[in-house]
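Report on the following structure.
The values are calculated or read from the model by the stated rules, or taken from the named source; none is laboratory data. Everything numeric here is computed off the predicted structure, so don't read it as measured data. Note: ideal-geometry Cβ built from the backbone for every residue, glycine included; neighbour counts use all protein chains shown. Areas reflect the complete protein model, heavy atoms only, side chains present, ligands, DNA and RNA absent. Shrake-Rupley method; radii C 1.70, N 1.55, O 1.52, S 1.80 Å.
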Amino acid sequence: STPERIAQVELDLQRALDAGYQLLESGAPAHEAVVAAIHVMEDAPEFNAGRGAALTSDGIAQMDACLMTGDGEVGAVTGVSTVKNPIDAARAVKEQTKHVLFADPTDAEIADWGVATESNEYFITEQRRQSLAEAQSGGDEWEKHGTIGAVARDSSGNIAAGTSTGGITNQMPGRVGDSPLPGCGTYANNDSVAISCTGIGEAFVKEVAAHQVSDRVLYAKEEPVEAAKAALDGVARHHGDGGMIVVPAHGEGAMVFNSEM
């Protein structure tokens, strides 16, 4: 990471925060703010989502996303390769279909949802090509680049969570991580928390990590920070690391991680 790259990441994170918070200040619902923040990060090549997504072992950008609101409604997609903003496809599943998760939706379905598309080449950056080459030559199957997400609570007290990712560099085609799986990498419940996770997805899936945080807050009456730390301890037992952003239905939010960044 160069100073210039770090500065650009910080700038784009601030842009994402501003985009979401501006909507919250205007009275928009939490999920609108979540989507707006994620749009910024999906469009910025610094992050592992949308443009700049990590590449599979075949050199393809294969992306996942999930959007969930505190009333329990949720939509997700996995394995999309032409959706410009995968969070939009997840939202479309939530709002326009009777289903929860679509795996590699067809071009016709994507068009019917009114979601913008790009060729797969649009998502592939030179830096991600280099990362893939390094991972394949060095045998580092777990080389990763920061899944993105957003959580929000609106003026009505409703909460929402969204997550978007390109997965793990050099992953096998067809691999599905935690991000698009409700309760694993993304979860929201108006009685507990909204949460988005990043890290080694397999470990988060095994722990049902996001839902576990919600249950610890709702039933064990743990504070969000303590609940997230406990869930990450479980992730670590599965040889994984990562982080969580949490916004509860009441009180302050939390950011907890056991990874380098």
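Select from region 1-98 those GluC sites (Glu not before Pro) which occupy a DSSP coil region and have at most 15 other Cβ atoms within 10 Å, ordered by residue number. Spell out each step's value before the answer.
On the way: sites: E4, E10, E25, E32, E42, E46, E73, E95; in loops: E46, E73.
Here the sparse-neighbourhood loop sites are E73.
Ignoring ligands, DNA and RNA, what percent of the accessible area of region 167-261 is carbon or sulfur (1.4 Å)?
Carbon plus sulfur share of accessible area: 55 percent.
Explain nothing, just the number: relative contact order of region 1-143, from Cα pairs under 8 Å at least 6 residues apart, as a whole percent.
18
Could you give the dipole magnitude of the chain about its Cα centre, charging the beta-carbon of Lys and Arg +1 and that of Asp and Glu -1, in debye to the nearest 20?
Working: 17 positive and 39 negative charges, 58 e Å.
Dipole magnitude for the chain comes out near 280 debye.
Take the alpha carbon atoms of region 188-253, find their center, do the same for region 1-39, and report the distance between the two centers in whole angstrom.
22
Where the accessible area of region 47-116 is counted over protein heavy atoms with a 1.4 Å probe, how much of it, in %, is carbon and sulfur? Spell out each step's value before the answer.
Working: 1180 of 2580 Å².
Looking at region 47-116 in its full context, I get 46 percent from C and S.
Assign one of three labels to region 1-159, namely rounded, prolate or oblate, based on the Cα gyration tensor with a ≥ b ≥ c the square roots of its eigenvalues; rounded applies when a/c is under 1.5, prolate when it is not and a/b is larger than b/c, and oblate otherwise.
oblate
Only Lys, Arg, Asp and Glu count, each charged at its Cβ (+1, +1, -1, -1), so figure out the dipole size of region 173-261 about its Cα centre, rounded to 20 debye.
Its charge dipole is roughly 200 debye.
Mean separation of Cα pairs under 8 Å and 6+ residues apart, divided by the residue count of region 33-104: what relative contact order is that in percent?
For region 33-104, the relative contact order is 24 percent.
So if I place +1 on the C-beta of Lys and Arg and -1 on the C-beta of Asp and Glu, and nothing else carries charge, what would the dipole magnitude of region 20-102 be about its Cα centre? I want it in debye, nearest 20. Write down the numbers at each step before the final one.
Numbers: 5 positive and 11 negative charges, 40 e Å.
Computed about the Cα centre, the dipole is about 200 debye.
With unit charges on the beta carbon (Lys/Arg positive, Asp/Glu negative), name the residue among T82, A220, N189 whose Cα is farthest towards the positive pole of the charge dipole of the chain.
A220
Calculate, for the chain, the solvent-accessible area per residue in square angstrom, rolling a 1.4 angstrom probe over the heavy atoms of the protein chains.
45
Let me check against my output: what whole-number percent is the relative contact order of the chain, with C-alpha pairs under 8 Å and at least 6 apart?
This gives 19 percent for the chain.
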